[in-house]
Amino acid sequence: MSLFSHKTVITKKQGIYVLLFLICGLLIWFWLVVPRPLISDPYSTVVESKDGQLLGAKIADDGQWRFPLSDSIPEKYKTCLLAFEDHYFYYHPGINPVSLVKAFGRNVKAKKIVSGGSTITMQLSRLARKGKRRNIYNKLVEMVWALNLELRFSKEEILIKYASNAPFGGNVVGLEAASWRYYNRPPTQLSWAESAMLAVLPNAPSLMYPGKQNQQLMTKRNRLLNKLFVSEKIDSITYQLSVVEPVPEKVYVLPSNAYHLVERANQEKKGKRICTTINKSIQYDVVQKVAQHHQLLQANQVHNVAVLVIETQTQNVLAYVGNFSDLNDTEHGYHNDIIQSPRSTGSILKPFLYTAMTDRGMLTPNMLVPDIPSRFGGFTPVNFDQKYDGAVKASEALARSLNIPAVRMLQQFGVEPFYDFLKQAGMNTLSQPAGHYGLSLILGGCEATMWDLGGMYSSMANILVEYEQNDGVYSASPFRKLNWICSDKNHFLENEASQPKLKAASVYQTLSALLNVKRPEDEAGWESFAASRKIAWKTGTSFGFRDAWAVGITHDYTVVVWAGNADGEGRSGLTGVTAAAPLLFEIFGGLPQSGWFMAPSDEMEKVALCHHSGFLPSTFCDRLDTVLLPKGAHVLMCPYHKRIFLDNTEKYRVTSDCESPGNMIVKSWFVLPPVIEYYYRQKTFTIPKPA
C-alpha cells in the first residue's frame with residue numbers, strides 16, 4: 001500500500017511537470033507564432049528633400065507602390081480610420097468581443113458572411129498572413145496574432161503598420177503612396193473628405209477605387225463623414241463642404257524632378273526612405289533652367305546637360321540634375337547620369353595646378369610664363385585660338401585658359417607630383433599611372449566625374465571659409481567628398497594640421513585670378529553694377545568638342561555645369577564658354593546673394609617683385625612692385641634683367657674691345673630669349689626700355 005502511495009505521488013509530480021512544460025511551450029509558441037519582421041514585403045525607394053518634401057520614388061521590386069513606414073499618421077486620417085474600422089481601438093487588447101458577437105449575429109441573419117468584426121489589429125494580422133481565406137480557423141489565428149501584436153507594439157505603431165500596408169486599389173499599397181497617387185500631395189495635406197475616402201478604400205479596394213465605381217465610393221465616404229458629423233468630430237460647414245467634394249478620377253504620376261538622384265538612391269539604398277540635402281526650390285529652379293537651356297543647345301544637336309549646386313561650407317548638394325530628363329526619348333541617353341560618368345576634363349583642372357604652384361612659391365600672379373610654339377617629345381600643344389603671346393602673366397594665362405603656359409607650368413611642377421595632388425584632392429578616375437597621362441594631364445588627357453570635380457572645387461573654396469571662421473586653424477582633411485544624404489553629424493573642424501595641404505592664401509590668389517575670366521556676352525560689363533556678385537569661374541572644353549564644362553564659386557555656393565552628348569559625339573562650337581557658361585550664370589542668378597571671401601591677410605606678406613617679370617628682383621631689376629604673397633614663398637629670381645654696356649650716346653652696345661671703360665654707360669635691360677621676344681613684341685609692340 002505504501003509502495004502504491006509512493007507511486008501515486010510521483011505521478012502527480014510528473015503531471016505538474018508536464019503541465020508546466022505544456023504551458024511554457026504554449027507561451028513560447030504564442031510569442032514566436034508571429035514572424036519577425038511582421039511584414040517583409042519590399043518597399044519603394046522614396047527620396048525626400050531636406051525639409052521632407054517628396055522628390056521622387058522608385059516602385060518596389062514586386063511592382064507595388066509601397067512607401068517605407070512613416071513616423072506617424074495624420075490626425076484627420078486617424079480619426080476617419082478609427083470611426084470607420086475600430087471605434088474602440090484604444091480600449092481593447094486586439095480583440096473586441098462585442099464586435100465579434102454583433103458580426104456573428106449579422107452573418108447568421110444574412111446567411112452569409114457580411115461582417116467579420118475584426119479590429120484594426122486583426123486586420124493587420126490578416127495583411128501579414130497574405131490574404132488567407134476568410135473562415136473560422138483563420139479568424140482564430142488572426143485573434144491569436146492580434147493578441148501577440150498588442151503585446152509587442154504600441155497602439156500607434158499598430159496604426160502606422162496598418163496604414164502603411166493596407167491595400168488602396170491597383171498596385172497602390174499604404175496611405176502615403178495612395179495620397180500621392182490619388183491626390184498628388186502628402187497625407188498631412190489631405191482634407192476631411194480626402195482622408196475619409198482613403199479610410200474607407202481598403203475595405204474593398206478590388207471592387208472600388210478611384211476611376212471605378214466612383215458613386216459607390218462616394219456614398220461610402222459620405223456615410224463616414226456623416227458619422228463624423230454626428231459624433232461632433234467635424235462641424236456642419238466642414239461636413240457640407242466635404243460631402244460635395246468629388247472623388248479622384250485618375251491616378252497621378254509621382255514627382256520626378258530629381259529622376260537621376262532617385263535612380264542613384266535606388267542603386268545605393270533600395271527600399272529606404274532617404275532624406276537628402278536637396279533644396280527643393282533650388283532643385284526645381286535648376287530643372288526649369290536646364291530645360292530652357294537644352295532647347296538652345298538642341299539647335300546644335302547637343303542633347304545632354306547636367307548640373308550640380310553645392311553649398312560650399314557644408315559641401316551638401318542642393319541641386320542634382322544628372323541629365324536633361326526627357327525619359328520618353330530613348331535615342332539621346334537621357335537616362336544616363338552624367339554626374340557619375342567619367343568625361344574628358346579639358347582645361348577644368350588648370351586652377352588646381354595654379355594653386356599648387358602658388359602654394360609652393362613656384363608662381364606669382366604676375367610672373368611671366370612662356371607662350372610660344374612648343375613640342376614635348378611627341379606632344380605638341382596649341383592654344384585654343386592658335387596664337388601666341390610670347391610671354392604672359394600667370395594669372396592672365398589662367399584667366400584666358402592658355403594651353404601652352406599650362407603645359408610648361410606642369411612640366412616645371414612635375415607630372416607625378418600633380419598626379420598625386422589630384423588624387424589627394426578627391427579625383428578618383430585616375431586609374432593609370434602618372435606616366436600614362438604625361439603632360440596632357442592638364443589639357444584633358446584624363447577623365448573626371450562631375451561629382452569628383454564638385455567635391456574638389458568646393459573643398460578648395462571651403463579652405464578659405466574655414467580659415468575665416470576658425471581663426472586660421474586648418475582642417476587635417478580639407479578635401480572632402482560631397483554629401484547628398486541628410487546627417488545629424490555637424491560639419492566640424494578636425495585636428496589642426498601642422499602642414500596644410502593648401503594654404504588659404506594660395507587658394508585666395510587662384511580665385512582672385514578666376515574673377516577675371518571673361519564672362520559670356522550676356523554678362524558683359526557686370527563690374528559696373530553695384531548688385532553684381534563676384535563669381536570665380538572656369539571653363540573647359542575637351543578635344544573634339546565633346547565636353548563643355550563650367551564651374552563657378554562664390555563664398556556660399558559652388559556650381560558645376562556640363563553640356564555635351566552622352567554618346568561622346570562632338571559638335572562644332574561646343575565649348576565651355578558658349579554651351580555651359582550661360583547656364584552657369586543663369587543658375588547663380590537664381591541663388592541667394594553671396595558675398596566674397598575675406599583675404600587671409602594673416603597668412604600673406606608684402607613682397608617686392610620685378611615689375612616686368614613678376615620674379616624676385618635681381619640687382620639689375622630697375623622697377624619694383626609690392627604685392628601680397630603667401631608667407632614663406634620662395635620665388636625664383638628674375639632671369640630676364642641683365643646689365644649691359646652702352647656707348648656715351650646710348651645707341652649702341654659696346655665691349656672693352658671697342659670702347660674704353662671710362663666712356664661706357666651701364667644700364668639694366670629687360671632681355672627676353674629670342675623666340676619669346678619675337679612673339680611678345682608682336683603682341684605687346686613694345687619691350688621695356690633700359691633704365
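The values are calculated or read from the model by the stated rules, or taken from the named source; none is laboratory data. The structure displayed is predicted, hence computed values, not measured ones. No Cβ is skipped: glycine too gets one built from the backbone with ideal geometry, and neighbour counts run over all protein chains shown. Note: areas computed on protein heavy atoms with side chains; ligands, DNA, RNA excluded. Shrake-Rupley method; radii C 1.70, N 1.55, O 1.52, S 1.80 Å.
Values for this structure:
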quantity: Top-ranked residue of the stretch 37-56 - restricted to ones that are part of a loop (DSSP other than H, G, I, E, B) and of a type in the set (D, E, K, R), ranked as most open to solvent (accessible area, probe 1.4 Å); calculated: Lys50
quantity: Hits in the stretch 543-555 - residues which are within 27 Å of Arg480 (Cα to Cα) and open to solvent by 10 Å² or more (accessible area, probe 1.4 Å); calculated: His555
quantity: Flag if Gln313 is part of a loop (DSSP other than H, G, I, E, B) and either surrounded by fewer than 17 Cβ atoms within 10 Å (Cβ to Cβ) or polar (S, T, N, Q) (or both); calculated: yes
quantity: Scan of the stretch 530-545 for residues that are modelled with pLDDT under 95 and charged (D, E, K, R), ordered by number; calculated: Arg533, Lys534
quantity: Residues of the stretch 120-148 satisfying the condition of being more than 21 Å from Phe84 (Cα to Cα) and open to solvent by less than 10 Å² (accessible area, probe 1.4 Å); calculated: Asn148
quantity: Test: residue in the stretch 197-210 that is touching a residue at least 24 places away in the same chain (Cβ under 8 Å), under 25 Å from Asn316 (Cβ atoms), crowded, with 22+ Cβ neighbours inside 10 Å and not basic (Lys, Arg); calculated: no
quantity: Considering residues of the stretch 556-574 that are modelled with pLDDT of 95 or more and farther than 22 Å from Asp326 by Cβ only, the residue most open to solvent (accessible area, probe 1.4 Å); calculated: Asp556
quantity: Hits in the stretch 72-105 (condition: in a loop (DSSP other than H, G, I, E, B), without any contact (Cβ under 8 Å) to a residue 40 or more places away in the chain and surrounded by fewer than 16 Cβ atoms within 10 Å (Cβ to Cβ)); calculated: His87, Tyr88, Tyr91
quantity: Residue in the stretch 262-269 that is among the basic types (Lys, Arg), in contact (Cβ under 8 Å) with a residue 24 or more places away in the chain, under 23 Å from Arg480 (Cα atoms) and open to solvent by 20 Å² or more (accessible area, probe 1.4 Å) present; calculated: yes
quantity: Out of Glu263, Glu311, sole residue that is within 30 Å of Pro478 (Cα to Cα), modelled with pLDDT of 95 or more and out of contact with any Lys or Arg (no Cβ under 9 Å at 6 or more places or on another chain); calculated: Glu311
quantity: Per-region count, the stretch 407-426, residues free of Cβ contacts under 8 Å to residues at least 60 places away in the same chain and open to solvent by less than 10 Å² (accessible area, probe 1.4 Å); calculated: 2
quantity: Residue under evaluation Val577, criteria (1) of a type outside the set (Asp, Glu); (2) closer than 15 Å to Tyr320 by Cα; (3) more than 19 Å from the chain's Cα centre (by Cα), criterion not met; calculated: (2)
quantity: Those residues of the stretch 298-332 which are more than 20 Å from Leu453 (Cβ to Cβ) and of a type outside the set (D, E, K, R), in sequence order; calculated: Gln298, Ala299, Asn300, Gln301, His303, Ser325, Leu327, Asn328, Thr330, His332
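For every residue, the table says whether it meets (1) aromatic (Phe, Trp, Tyr); (2) at pLDDT 90 or above; (3) under 30 Å from Pro373 (Cβ atoms).
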| position | (1), (2), (3) |
| --- | --- |
| Pro600 | no, yes, no |
| Val607 | no, yes, no |
| Asp625 | no, yes, yes |
| His634 | no, no, no |
| Pro690 | no, no, yes |
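To keep it simple, each residue is scored yes or no on (1) open to solvent by 40 Å² or more (accessible area, probe 1.4 Å); (2) in a loop (DSSP other than H, G, I, E, B); (3) not polar (S, T, N, Q).
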position: Thr429; (1), (2), (3): no, yes, no
position: Gln432; (1), (2), (3): yes, yes, no
position: Ile442; (1), (2), (3): no, no, yes
position: Gly445; (1), (2), (3): no, yes, yes
position: Gly454; (1), (2), (3): no, no, yes
position: Ala461; (1), (2), (3): no, no, yes
position: Glu466; (1), (2), (3): no, no, yes
position: Val473; (1), (2), (3): yes, yes, yes
position: Lys481; (1), (2), (3): yes, yes, yes
